[in-house]
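The values are calculated or read from the model by the stated rules, or taken from the named source; none is laboratory data. None of the values given here were measured: they were computed from a predicted structure. All Cβ positions, even for glycine, are placed from backbone atoms using ideal geometry, and neighbour counts span all protein chains on display. Just the protein is used for accessible areas: all its heavy atoms, side chains included, with ligands, DNA and RNA removed. Shrake-Rupley method; radii C 1.70, N 1.55, O 1.52, S 1.80 Å.
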Amino acid sequence: MNRPLRVALVSPLPPPQGGIARWTRMIDGAARDADAVDLVVVDIALRGRSIHQTSLFRRVAAGVIQIARSSWSLAWEMVRRRPDVVHVNTSGHLGTVRDLVLLQMSRAFGVPFVYHIRFGRVPQIAAGDRREWRLMRRVIARAAAVVVLDERTERAIRTYADHGPLLRIPNCIDTSTLPQPSDHETPRKRVLFAGWVIPAKGVEDLLSAWSGIDTSGWELVVAGPCESGYLRRIRPLADGLAVSFPGELGGQDLLELMATCEVFVLPSHSEGFPNAILEAMALGRAVVATDVGAVGDMLGDGCGVVVPPREPDRLAAALAAVMGDPACRVRLGERASAKAADEYALPVVFDRYEGLWRRVSRTDGSASAEIGARSTVTQDAAG
């Protein structure tokens, strides 16, 4: 009887809520339902500092602690379970040092290493040959395979790095967990932003755009974790406007709120393949977003409205047009929902990951259907 394929997935889990963390939860759940994959998650969720605490000292201190915890956790899994493949998600920055350490550990144990790049800044850092890129390039050159989310990142790696197999695989959506879109009448129609409430997500651009259009009968909901100091800074931008800040919501609560909105907006300055947009698409919501990362591909074919980043006037015009045209909102939502179901459904995407893991690990895929997949979580942080 052949055993299941063993995968060590180095990736964050909630809390806090975030796109990569929600992706990890979905892949973890798919592995539980699979017949031939035994997946363990080494949790690298942010610990030791808030995402808003960006001083070099805090970042380095938290980064050193996280590298130590991640390395210890992966080493334990290497000894305890001897995985067939290690799959590491990266968001870049100081995390590239951790990636290099984990790569060396995987090579020391003779385990193939899959490097999954989850952010959209690669073309900029590669062209500028920044230190972050130089570290990433070393990992890319030694990885058994590299996974990217968008065409720009793929092109940059092909141009600026030595690499082995390079695959573009989209993020996924578990449609079984989605609430039904709501027909419940609310006092005001909703435009929803969901994500980290930080400058890089374009929140100030959004508030500037909102202040420049007619929002009669509408409200803007800015949902997501936000540091108190930053919230105090941006609240004056919303004075006199119909804007609410409900804070961080649990995954299902956020989906239920998204199901009640008329328009979903994501004005980020940088993204990979944002899960929030994917969720809005699957729920049949009209989406307005900036053309960063894979967003243009996601919302192509009339599935949403894309505008340049950092241009509040263009964002305002797009929001006003969609808010003012109910038929357009329905049309965009129907196309987006169909695309999400056809191209991004969890079973379809998970099959691609399993195929990749089998190829790089050289397993024959003949694990018995009698063996159910197991999925466990290794925390890399105390508590």
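Within the stretch 171-197, the set of residues being part of a loop (DSSP other than H, G, I, E, B), surrounded by 18 or more Cβ atoms within 10 Å (Cβ to Cβ) and in contact (Cβ under 8 Å) with a residue 60 or more places away in the chain comprises Asn171, Cys172, Asp174, Leu178, Gly195, Trp196.
If you go through the stretch 170-195 and keep only what is modelled with pLDDT of 95 or more and basic (Lys, Arg), you end up with Lys189, Arg190. Being open to solvent by 30 Å² or more (accessible area, probe 1.4 Å), in a helix (DSSP H, G or I), closer than 30 Å to Pro267 by Cβ and not hydrophobic (A, V, I, L, M, F, W, C) is a property that Gln66 has. Residue count for the stretch 99-129 under the criterion of being farther than 28 Å from Pro83 by Cα and either open to solvent by less than 10 Å² (accessible area, probe 1.4 Å) or within 23 Å of the chain's Cα centre (by Cα) (or both): the result is 7. Here Leu167, Leu206 are screened, and the one residue that is of a type in the set (A, V, I, L, M, F, W, C), under 22 Å from the mean Cα position of the chain (by Cα), open to solvent by 30 Å² or more (accessible area, probe 1.4 Å) and modelled with pLDDT of 95 or more is Leu167. Scan the stretch 1-33 for residues that are among the small types (Gly, Ala, Ser) and more than 26 Å from Phe109 (Cα to Cα) and the total you get is 5. Residues that are within 21 Å of Tyr344 (Cβ to Cβ) and among the small types (Gly, Ala, Ser) are absent from the stretch 125-141. Scanning the stretch 323-379 for residues that are in a loop (DSSP other than H, G, I, E, B), modelled with pLDDT under 70 and not hydroxyl-bearing (Ser, Thr, Tyr) yields Asp364, Gly365, Ala367, Ala369, Glu370, Ile371, Gly372, Ala373, Arg374.
Could you check, for the stretch 299-312, whether at least one of its residues is in contact with a His (Cβ under 9 Å, 6 or more places away or on another chain), of a type outside the set (A, V, I, L, M), touching a residue at least 40 places away in the same chain (Cβ under 8 Å) and open to solvent by 20 Å² or more (accessible area, probe 1.4 Å)?
Step one: list which residues in the stretch 299-312 are in contact with a His (Cβ under 9 Å, 6 or more places away or on another chain), which gives 309-310.
From the residues that got through so far, the ones that are of a type outside the set (A, V, I, L, M) too are 309-310.
Remaining after also requiring touching a residue at least 40 places away in the same chain (Cβ under 8 Å): 309-310.
If we keep only those that are open to solvent by 20 Å² or more (accessible area, probe 1.4 Å) as well, we get 309-310.
So far as the stretch 299-312 goes, yes, one or more of its residues are in contact with a His (Cβ under 9 Å, 6 or more places away or on another chain), of a type outside the set (A, V, I, L, M), touching a residue at least 40 places away in the same chain (Cβ under 8 Å) and open to solvent by 20 Å² or more (accessible area, probe 1.4 Å).
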